[in-house]
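Colleague: Handing you a structure now.
The values are calculated or read from the model by the stated rules, or taken from the named source; none is laboratory data. Please read all numbers here as calculations on a predicted model, not as lab measurements. Because the Cβ atoms are built from the backbone with ideal geometry, glycine has one as well, and the counts that use them run over all protein chains shown. Ligands, DNA and RNA are excluded from the accessible area calculation, which covers all protein heavy atoms including side chains. Shrake-Rupley method; radii C 1.70, N 1.55, O 1.52, S 1.80 Å.
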Amino acid sequence: MNQSEEPAPETSGGPSRRDVLAGGAGFIAAVAGLSLLAPGARAADAPRPHILYILADDLGFADVGFHGSDIKTPNLDTLAVGGARLGQFYTQPLCTPTRAALMTGRYPLRYGLQTGVIPSGASYGLATDEFLLPQALKSVGYRTALVGKWHLGHADKAYWPRQRGFDSFYGALVGEIDHFKHEAHGQTDWYRDNTLLKEDGYDTELFGAEAVRLIGDHDPKTPLFLYLAFTAPHTPFQAPQSYLDLYAHIEDPSRRAYAAMITAMDDQIGKVVEALKARGMRDDTLIVFHSDNGGTRNKMFVGEGAVAGDLPASNAPYRDGKGSLYEGGVRVVALANWPGRIAPGQADGVMHVVDMMPTLARLAGADLARSKPLDGKDAWPALAAAGSGREEVVYNVEPTQGAVRQGNWKLYWQVVLPPKIELFDLEKDPSETTDLSAAHPEKVTELQERVIALARVMAPPLFYAAALKATLSAPLATPAAVLYEMGLEDD
């Protein structure tokens, strides 16, 4: 970050009425595994790794075996036991913003993707003047591949993965598809590179097979960046019958299918790891796994299809879920595994998904001079050797709300009426049960100033312009025929 992009917070006694109103409208291991490396060895001295970056879609924090779930995830559990279990890994609260933050190393508020997701009917995407992670890795000799979900722009080919640094792409461009038909709104959304593809099969299994194929065909002498972005367990809740049968004891059909989707994904992850071993690449591969946001607990964020009954995801012990700036929406299940380089155990240093670009670029020896000012920081000490991580997390800043964390203090500020301001001590109260704003007004003021500073420099959310355009261009709404039959039509 530099001063031209983000001014330093003001040092007045607190935000004025003008500032608050303007804020509301302006919103409208440097050491790797110390016990495992030679004394004094630095992360930069390690060989450039192959990188397998696995993203789950709407996975609940509690819904993996190594967090105590009854949902079977033996392959993820093995990676977690042999690697670092990341206890304070943060993302954005929704899909598109998280993926954008990963690709750019910059908060989505910088380029207008901080609000919502890119809808199926929208024409915008991740700005083409942003320098992306696959471009950086490709520039230093990496083979780059995306298998799975993109959701960073679909209406113009300039936004597509092959045009953004990926040597190959196999999967879906939009946010939600039928897992068997590979359709969104009745239209096929399934591609190999830039070519529309008609293909049968369960998408999770197809993604796994493609990843295995890529690894099997890869020359281990060339570094590989494989971004494996599953659509599981995002709605619609669908799975092959064999996986549904594993959970026949679960009465609720949504939770049965949700659990089946997670286990199906875990099976494919196991196959991909085995493919790395068979190719002699496993010991040289850094594997990162996390969800794009918390599991869905509010039907407002369930997706484009209806879901009957209770939502099955659990983010325990954290509050709320997908779409929310409470911890359950943004503190996600995560792990990192690199044999001999990442110390096994619990790593509770604070990390954000924006940190992954500079971290991976440094390990790869990539130059980020073409990037705009980064929000991400090199998280290798926290990732590999359980260091303390970052001091600040910007959860999000947008026209209606903002949230930031500094140290253990977190401010959540809802600006729309009725306004809400909450302050939490996350060290003592990670479940956000006790609002401390009244007891610590000076901390509230300090963190509000930070939110206002960010709001003043944020890009306007692209989602709002697209939503307004869609509303104004929609067909004329007319009364239903039943109103005429009841004699209720206007005179």
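Colleague: Enumerate the pairs (first residue in segment 424-435 and within 12 Å of E327 (Cα to Cα) and at pLDDT below 95; second residue anywhere and open to solvent by less than 70 Å² (accessible area, probe 1.4 Å) and not small (G, A, S)) with beta-carbon separation below 7 Å, excluding pairs fewer than 6 apart on the same chain, so at least 6 apart or on different chains.
Modeller: none
Colleague: Moving on to the next point. Take the residues of segment 226-246 that are out of contact with any Asp or Glu (no Cβ under 9 Å at 6 or more places or on another chain) and among the aromatic types (F, W, Y): which is farthest from M281 (Cα to Cα)?
Modeller: F237
Colleague: Scan segment 244-257 and give yes if some residue there is over 17 Å from I71 (Cβ atoms) and open to solvent by 20 Å² or more (accessible area, probe 1.4 Å), otherwise no. I'd like the intermediate steps shown before the answer.
Modeller: Here is the first cut: in segment 244-257, the residues over 17 Å from I71 (Cβ atoms) are none.
Among the residues of segment 244-257, not one is over 17 Å from I71 (Cβ atoms) and open to solvent by 20 Å² or more (accessible area, probe 1.4 Å), which makes the answer no.
Colleague: Identify, please: which residue in segment 310-336 is among the small types (G, A, S) and assigned to a strand (DSSP E or B) and is, among those, farthest from L286 (Cα to Cα)? It would help to see each step written out before you state the result.
Modeller: Quick first cut of segment 310-336, residues among the small types (G, A, S) only: 313-314, 316, 321, 323-324, 328-329, 334, 336.
Restricting the remaining residues to those that are assigned to a strand (DSSP E or B) gives 334, 336.
On the way: A334: 14, A336: 7 Å.
That would be A334.
Colleague: Among (1) open to solvent by less than 10 Å² (accessible area, probe 1.4 Å); (2) modelled with pLDDT of 95 or more; (3) under 25 Å from L426 (Cα atoms), there is one condition L360 misses while meeting the rest; what is its number?
Modeller: Single failed check for L360: (3).
Colleague: While we're on this one: On the given criteria, is L196 at pLDDT 95 or above, under 26 Å from the mean Cα position of the chain (by Cα) and within 19 Å of R99 (Cβ to Cβ)?
Modeller: Values: at pLDDT 95 or above: yes; under 26 Å from the mean Cα position of the chain (by Cα): yes; within 19 Å of R99 (Cβ to Cβ): no.
No; evaluated as a whole, the condition is false for this residue.
Colleague: Has segment 431-445 got any residue that is in a helix (DSSP H, G or I) and open to solvent by 80 Å² or more (accessible area, probe 1.4 Å)?
Modeller: Our first condition is that a residue be in a helix (DSSP H, G or I); within segment 431-445, this holds for 441-445.
Retained after the next criterion (residues that are open to solvent by 80 Å² or more (accessible area, probe 1.4 Å)): 442.
Yes, segment 431-445 contains at least one residue that is in a helix (DSSP H, G or I) and open to solvent by 80 Å² or more (accessible area, probe 1.4 Å).
Colleague: Sticking with this one: Could you look through segment 131-143, keep only residues that are out of contact with any Ser or Thr (no Cβ under 8 Å at 6 or more places or on another chain) and not in a helix (DSSP H, G or I), and pick out the one that is nearest to T222 (Cα to Cα)? Break it down into steps so the answer makes sense when it comes.
Modeller: Taking segment 131-143 as the starting set, the residues that turn out to be out of contact with any Ser or Thr (no Cβ under 8 Å at 6 or more places or on another chain) are 135, 139-140.
From the residues that got through so far, the ones that are not in a helix (DSSP H, G or I) too are 139-140.
Details: S139: 13, V140: 10 Å.
Selected residue: V140.
Colleague: Which condition does F237 not pass, out of (1) under 18 Å from F289 (Cα atoms); (2) open to solvent by 30 Å² or more (accessible area, probe 1.4 Å); (3) under 20 Å from the mean Cα position of the chain (by Cα), if it passes all the others?
Modeller: (1)
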